[in-house]
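Working notes, structure below.
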Amino acid sequence: MTHYFSKQPETPHAYDLFSVTCEGKALIFMTDSAVFSRRRIDQGTELLLNTVLSMEDNRKANVLDLGTGTGVLAVALARCRSSFQVTGSDINERAVQLATQNAKRNGVLNASFLCLDGVPENQEPFDLIVTNPPIRAGKKVVYRLFEEAAKNLRADGAFYTVIRVRQGKASVARELQNHYSVVETVARAKGYHVLRATRPIRKSSVL
């Protein structure tokens, strides 16, 4: 069965468009079948986007949107924070192609996209990492992404994620505490919580 977290979706194409407004800027996104939230920006992503924008100013920052989908978070953050250099990564080839087109569609030059499952390797650590995690892919996948993010975040960086209470907010918070010294809820609405994690824990290798 094809999911939004499939590498090469086989579902027939069904293109659509939706708009997103953030900080007074109107953005248009093309979507397709077999991608996440193809009809509109989902409530979790919208809350996450608005929270990050409210807490992070426009400064030089290396940013990762982990599991970018069609690029909504990556494109919006890049458009509203021109000093950010944003990378979006996703396992779904169809989604990454759309994200690349959506950046061009909205005149965004400071965002680029990679088709891969997880955090890009061989790059400088990120100042910010954001993710609306692929809950339907399963806890094992989500927790692996959390661990990869912690290993690739600057010591003074911040990790943001969004989760519904009924999808396991409490267990997600506990998992993040395995990788970060500080985990806090910074926003909540309609059953969604945005968690901000800082001070990643560097675990020493055992020889």
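In table form, for the structure just shown:
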quantity: Verdict on Leu128 being among the aliphatic types (A, V, I, L, M) and more than 21 Å from Ile163 (Cα to Cα); calculated: no
quantity: Some residue of the stretch 13-30 being among the aliphatic types (A, V, I, L, M) and at pLDDT below 90; calculated: yes
quantity: Test: residue in the stretch 42-58 that is among the aliphatic types (A, V, I, L, M), modelled with pLDDT under 95 and surrounded by 24 or more Cβ atoms within 10 Å (Cβ to Cβ); calculated: no
quantity: Failed condition for Glu124, given (1) of a type in the set (D, E, K, R); (2) crowded, with 16+ Cβ neighbours inside 10 Å; (3) assigned to a loop (DSSP other than H, G, I, E, B); calculated: (2)
quantity: When residues of the stretch 89-113 are limited to those that are among the aliphatic types (A, V, I, L, M) and surrounded by 17 or more Cβ atoms within 10 Å (Cβ to Cβ), the one nearest to Gly157 (Cα to Cα); calculated: Ala111
quantity: Selection status of Arg39, exposed (fewer than 11 other Cβ atoms within 10 Å of the Cβ) and at pLDDT 95 or above; calculated: no
quantity: Residues satisfying the stated conditions in the stretch 147-178, i.e. within 14 Å of the chain's Cα centre (by Cα) and farther than 25 Å from Asn58 by Cα; calculated: Glu148, Ile163
quantity: Single unsatisfied condition, Asn122 versus (1) within 16 Å of the chain's Cα centre (by Cα); (2) at pLDDT below 95; calculated: (1)
quantity: Search result, residues across the stretch 30-67 that are within 13 Å of the chain's Cα centre (by Cα) and closer than 18 Å to Pro125 by Cα; calculated: Val63, Leu64, Asp65, Leu66, Gly67
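The values are calculated or read from the model by the stated rules, or taken from the named source; none is laboratory data. Everything numeric in this text was worked out from a predicted model, so none of it was measured. Note that each Cβ is placed from the backbone with ideal geometry, even for glycine, and that neighbours are counted across all protein chains shown.
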